[in-house]
């Protein structure tokens, strides 16, 4: 095995371990989301909130979810709206 191949394998293994360790860290999730566009797809928004995509869709359909926008045919959530909705939901439920 060449030195370059071993280095690539080490980087891959290290990257996978690092991603797994950060998946549970809410601050790391928020930082990754904020680095790109502030508009998240339903899948990204659900991951950010710790919900399934289906649950987020049910909230959207029922009018109880976070504010969303349609960009052409695509549904997008602004990260600030997700934070506001999450905070308001916790206060309304008294679980925070």
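Any read-out appearing in this document is the output of simple, stated calculations on the displayed coordinates, not a laboratory observation. All figures in this text were calculated on a predicted structure; none of them were measured in a lab. Note that each Cβ is placed from the backbone with ideal geometry, even for glycine, and that neighbours are counted across all protein chains shown.
Output the residues belonging to the stretch 48-92 that are part of a strand (DSSP E or B) and under 14 Å from the mean Cα position of the chain (by Cα).
Selection gives 76, 77, 78.
For residues that are farther than 15 Å from residue 85 by Cα and surrounded by 12 or more Cβ atoms within 10 Å (Cβ to Cβ), tally how many sit in the stretch 59-75.
Here the count works out to 1.
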